[in-house]
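Step one of this worksheet: look at the structure below.
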Amino acid sequence: MMQSSVSMTNAVDSPDKPTLMIVDDERNFAESLRLAIEDAYTVLVAGSLKSAREILRNGIPAAILLDLRLPDGEGVELFRVLKDLSRMPVVIVMTAYSTAESFEKAMKAGAADYFVKPLDVEKLKIEIGKRLAKC
């Protein structure tokens with residue numbers, strides 16, 4: 001199981017670098033994505049729903065990049081936890097298994113956007129920035 005790549009003392013947004021959590025069990029993908037966005041964000045990585053919940057107990061990230069297929073359940077299950085938080089982070093769903101049904105389910109659950117893997121990282125970075133600017 002992949003743990004967060006940043007200590008939890010960094011889970012609170014700093015004024016110049018918001019915190020973003022990647023929830024994806026594909027270690028190489030998550031690490032590549034972390035490296036691609038860490039210039040603009042403090043990045044936490046969770047490899048399962050369980051580890052994502054643990055991270056959320058210590059702080060609320062500004063945004064979450066959420067895979068739909070995780071070893072311990074569907075990514076959309078995390079929305080149950082998110083709805084109980086004091087503020088809702090921006091959630092962008094990512095999947096390599098896109099279907100109309102999974103798109104609809106993610107958007108109904110509260111996803112701000114839905115990206116199909118392989119990701120266009122530059123487009124993703126722009127979208128994250130736009131969504132966070134609205135908060």
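No lab work stands behind these numbers, since they all come straight from the coordinates. These numbers come from a predicted model, not from an experiment. Positions of Cβ are generated from backbone atoms using ideal geometry, with glycine treated the same way; all protein chains shown enter the neighbour counts.
If the only charges are +1 at each Lys and Arg Cβ and -1 at each Asp and Glu Cβ, what is the size of the charge dipole of segment 8-133 around the Cα centre, to the nearest 20 debye?
Dipole magnitude for segment 8-133 comes out near 320 debye.
Sum up the charges of everything whose Cβ sits under 9 Å from the Cβ of residue 95, counting Lys and Arg as +1 and Asp and Glu as -1, but leave residue 95 out.
Summing Lys and Arg as +1 and Asp and Glu as -1 gives +1.
In nm, to one decimal, how far is the residue 32 label point from the residue 103 one, both placed 7 Å along Cα→Cβ?
In this crude label model, residue 32 to residue 103 measures out at 2.3 nm.
What order do you get for 46-52, 35-41 when each peptide is scored by the mean count of other beta carbon atoms within 10 Å, highest first?
46-52, 35-41
Which Cα, out of 85, 52, 107, lies furthest along the positive dipole direction of segment 27-135 (beta carbon charges, K/R +1, D/E -1)?
Going by the charge dipole, the pick is 85.
Given the peptides 64-77, 105-118, arrange them by the average over their residues of other C-beta atoms within 10 Å, most packed first.
With the highest mean Cβ count within 10 Å placed first, the list reads 64-77, 105-118.
Please turn the phi angles of segment 112-129 into ³J(HN,Hα) values with the Karplus equation 6.51 cos²θ - 1.76 cosθ + 1.60 (θ = phi - 60°), one per residue in order, whole Hz, x for glycine and proline.
So the J values, rounded to whole Hz, are 7, 7, 9, 10, 9, 6, x, 7, 8, 4, 5, 5, 4, 4, 5, 5, 4, x.
Which FRET efficiency value, to the nearest 0.05, do you get for residue 84 and residue 130 by plugging their Cβ-Cβ distance into 1/(1 + (r/R0)^6) with R0 = 22 Å?
0.25
So what's the back-of-envelope 222 nm ellipticity for the chain, counting only DSSP H runs of four-plus at -39500 (n - 2.57) apiece and dividing by all residues, rounded to 500?
It lands at -10500 deg cm²/dmol.
Two decimals, Cα atoms only, Kirkwood Rh: what is Rg/Rh over segment 31-127?
0.92
In the P(r) worked out for segment 84-135, what percent of Cα pairs fall beyond 13 Å?
For segment 84-135, the fraction of Cα-Cα distances above 13 Å is 61 percent.
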